[in-house]
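S.K.: Sending over a structure as structure tokens; questions will come in a sec.
Nothing in this text is a laboratory measurement; each read-out follows from the coordinates by a stated rule. In this text, all values refer to a predicted model and were calculated from it rather than measured experimentally. Cβ sites come from the backbone with ideal geometry, for glycine too, and all protein chains shown count toward neighbours.
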Amino acid sequence: MSRRPRVPGSRSRRSGAPLALALAAALTAPLAFTAPASAAPVPYSVTALTFTVEAGGRTCTIDADLYRPAGVDRDHPAPAVLATNGFGGSKSDGSTDAIGKAFAARGYVGLVYSGLGFGGSGCLISLDDPRIDGVAASRLVDFLAGTRAADDGTRADYVARDGKADPRVGMIGGSYGGAVQMATAAVDHRVDALVPLITWHDLAYSLDPNNAGGASEVPGAFKWQWANGFYLIGETQPLTEPNLDPSRINDLTCLHFVSDACRTVRTLNSGSYPAARTGPLLDYARSVSPVSYLRGVRAPTLLVQGQADSLFNLNEATATYKALKAQGTTTTMIWQSWGHSGGLTDPASGELNLSQGNLETSYVGKRILAWFDRYLRHREDADTGPAFAYYRDWIADPGHTYATAGRLPSLSRALYLSGDGKLVDDRKKVARGSREYRNLPLPTSHSESSLAGVVGLPDPAPYDTPGTYLGWTSEPLPRAVDVVGAPRATLKVVSPGTERVQHSGDAADKLVLFAKLYDVAPDGTKTLVHRLVAPVRVPDVTRRFTVSLPGIVHRYEAGHRLRFVVAASDDAYFGNKGVKPVTVTSSPGDTGVLELPVVGD
């Protein structure tokens with residue numbers, strides 16, 4: 001057993017692979033929120049521990065660090081914070097290690113561990129499955145309850161309790177370390193508070209999104225860059241962890257993941273989606289996602305999602321938020337600036353930076369401290385803040401970048417797709433006309449190189465190749481327009497080639513398109529907000545369909561124009577099978593509609 005005394009603010013000497021570290025971090029109203037008072041940092045000690053647990057039919061070793069504040073003992077107990085790493089990280093990476101230090105310095109007992117399949121922990125990568133990862137984390141809650149010991153006999157009999165074998169414990173972490181919180185809370189109701197950051201709601205949507213309304217059973221467009229990046233990180237674990245526990249080896253065809261995870265990625269990579277093969281695998285992806293088990297989550301939950309995130313976009317957190325609210329679970333939500341696609345390792349000024357532990361000096365950090373004050377320290381007067389808050393990048397003062405609201409903004413402004421390529425504000429202004437585009441054998445539109453922002457590589461500006469997309473552009477705006485939320489489009493397309501094959505039994509024969517919104521400056525410069533697009537596999541081209549675009553928080557300045565684009569392809573996704581010409585026809589009585597959640601309307 002090793003004890004490493006730490007002082008607040010000291011730097012960890014441990015490091016991991018740069019990519020793993022980066023991936024690990026994963027109604028306007030006056031700002032009305034009283035931040036918790038800061039206190040002098042508390043010294044603490046750190047003890048390395050291992051735990052042997054049974055999870056998913058395997059025996060797993062969990063590698064953990066226990067942070068114990070000075071003065072905390074059986075007569076002076078403290079609540080605990082449990083955390084684990086993002087995908088590819090470990091207990092030793094910068095952001096995960098920082099969680100243990102930050103909360104120990106504020107008087108919490110910290111238990112930070114390497115998730116199953118990462119760092120020094122054993123067993124396969126099982127995608128935060130509640131039946132495996134959730135159960136394993138629950139065994140650590142047993143340790144914090146004082147009902148089980150670490151492998152060396154260490155016990156934690158100094159954690160505050162709400163009852164016999166019921167420790168007062170909260171969880172925090174990002175991305176992979178975010179979903180595991182909900183997986184744990186679903187199987188162990190002793191968890192008292194959750195703070196999941198930049199994580200998913202439904203992996204079937206995250207990795208194979210179909211943004212067509214009512215088409216959840218139709219596979220989407222495979223997000224091949226993100227998915228294969230993570231798959232390679234998992235399968236190449238010996239490069240970052242040379243002495244693997246034997247329980248972390250599956251077989252030669254699927255080295256470090258559970259078999260269902262490998263089969264899912266391989267099927268998506270094949271580009272073929274017959275129902276007999278795809279359905280069960282998408283069911284598996286959902287089974288390890290909060291969408292399938294949120295009904296078991298009762299712990300008060302502060303959701304924090306990133307605006308710059310094409311991996312887990314704002315729609316995912318919104319779906320989780322709505323589900324928890326509907327079942328009566330105490331829930332609030334913040335849309336911060338950074339996510340997997342930007343700001344992860346270098347947040348904007350004033351934003352939460354877990355590696356720096358700037359909890360008292362960032363809006364999100366203050367909200368987290370207040371959340372734990374209320375639900376772990378039982379401070380009834382703790383102000384946990386509004387139901388919804390969002391970061392505004394057009395505000396220069398870091399102290400006023402967040403706006404708050406009592407509810408999510410609703411769709412409030414409609415624009416119409418005119419046959420002459422204009423985006424008009426009145427159906428009567430729609431000109432009759434039809435225009436066509438077609439896809440080519442290779443991708444002809446670019447939104448992002450998905451891993452470029454994570455690893456710090458340059459990424460070409462978004463573009464669309466003429467003839468392979470259609471665009472509709474508004475007149476210059478007379479005043480600024482603030483869009484907060486997920487725009488929605490209602491479309492009708494004509495594609496005879498698709499119509500002939502779309503019921504073949506292979507979803508790959510259906511039409512795929514990509515919807516997106518640009519901001520066009522007076523000088524013609526186009527900005528694709530956070531490089532976000534909405535992939536759609538159209539359920540039936542003979543019927544009108546809706547498209548839920550990714551949520552954004554963006555100000556379209558006065559003089560700028562909105563441009564709505566439907567493209568045939570996107571090189572970050574798999575697209576159409578075969579060449580599929582598409583025609584869009586407009587008339588005043590029958591045209592596409594773009595609806596925007598505009599704040600202040």
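S.K.: Apply 1/(1 + (r/R0)^6) to the Cβ-Cβ distance of L457 and R295, taking R0 = 45 Å, and write down the FRET efficiency to the nearest 0.05.
M.R.: So, using R0 = 45 Å, E works out to roughly 0.65.
S.K.: Which value in deg cm²/dmol, rounded to the nearest 500, describes the helix-derived mean residue ellipticity at 222 nm for the chain, given -39,500 (n - 2.57) per DSSP H run of n ≥ 4 and division by the residue count?
M.R.: Per the formula, -6000 deg cm²/dmol.
S.K.: Let me ask something else about it. From the P(r) of the stretch 409-458, could you give the percentage of C-alpha pairs in the tail past 18 Å?
M.R.: Across the stretch 409-458, Cα pairs with separations above 18 Å total 63 percent.
S.K.: Okay, next question. List the aspartates and glutamates whose Cα sits under 18 Å from the Cα of K526, skipping any in the same chain fewer than 8 residues away.
M.R.: Straight-line reach from K526, under 18 Å: D393, E448, D459, D464, E475, D482, E557, D570.
S.K.: Can you give the Kirkwood hydrodynamic radius for the stretch 359-412, in Å, rounded to one decimal and based on Cα pairs?
M.R.: Over the stretch 359-412, the inverse of the mean reciprocal pair distance is 12.5 Å.
S.K.: Let me see the pair-distance distribution of the stretch 413-599: every alpha carbon pair, 10 Å bin width, integer percents in order.
M.R.: Going from the shortest bin to the longest, the percentages are 9, 37, 37, 15, 2.
S.K.: Amide H neighbours of N353 under 5 Å, at least 5 residues apart or on other chains, H built in the peptide plane: list them.
M.R.: N358
S.K.: Among all the aspartates and glutamates, which ones have a C-alpha under 12 Å from K91's C-alpha, if same-chain residues fewer than 8 places away are not counted?
M.R.: Within the straight-line limit of under 12 Å, K91 reaches these aspartates and glutamates: D63, D65.
S.K.: So if each residue of separation counts as 0.36 nm, and I subtract the Cα-Cα distance between A396 and D152, what length gain in nm does that give?
M.R.: Extending this stretch completely gives an extra 82.6 nm.
S.K.: If you wrap the stretch 60-156's Cα atoms in a convex hull and average its projection over all directions, what's the area in nm²?
M.R.: Computing the convex hull of the Cα atoms and averaging its projections yields 6.0 nm².
S.K.: Where Lys and Arg each count +1 and Asp and Glu each count -1, what net charge lies around V541 among other residues with Cβ under 12 Å from its Cβ?
M.R.: Computed value for this residue: +4.
S.K.: Let me ask something else about it. Quick one: length gained pulling A39 to D73 fully straight, 0.36 nm per residue minus the C-alpha distance?
M.R.: So the chain would gain 10.3 nm between A39 and D73.
S.K.: Treat each spin label as a single point 7 Å out from the Cα along the C-beta direction, and report the S504 to T546 distance in nm.
M.R.: Going from the S504 label point to the T546 one covers 3.0 nm.
S.K.: I'd like the projected area of the chain, averaged over all directions, using the convex hull of its alpha carbons. Report it in nm² with one decimal.
M.R.: Value for the chain: 26.1 nm².
S.K.: Against the globular-protein guess of 2.2 N^0.38 Å, express the Cα radius of gyration of the stretch 530-601 as a ratio, rounded to two decimals.
M.R.: 1.33
S.K.: Straight-line reach from K322: which lysines have a Cα under 27 Å away, not including same-chain ones fewer than 8 places off?
M.R.: K223, K366, K516
S.K.: Using Cβ contacts closer than 10 Å as the measure, can you line up E360, E54, E595 from fewest to most?
M.R.: If I rank by nearby Cβ atoms, fewest first, I get E54, E360, E595.
S.K.: Rounded to whole Hz and in sequence order, give me ³J(HN,Hα) for the stretch 388-401 from the Karplus expression 6.51 cos²θ - 1.76 cosθ + 1.60, θ = phi - 60°, writing x for Gly and Pro.
M.R.: My calculation for the stretch 388-401 gives 8, 9, 8, 7, 10, 6, 8, 9, 7, 6, x, x, 9, 6 Hz in order.
S.K.: Rounded to the nearest 0.05, what FRET efficiency is calculated for S434 and N269 with R0 set to 45 Å and r the Cβ-Cβ distance?
M.R.: Taking R0 as 45 Å, the efficiency between S434 and N269 is 0.80.
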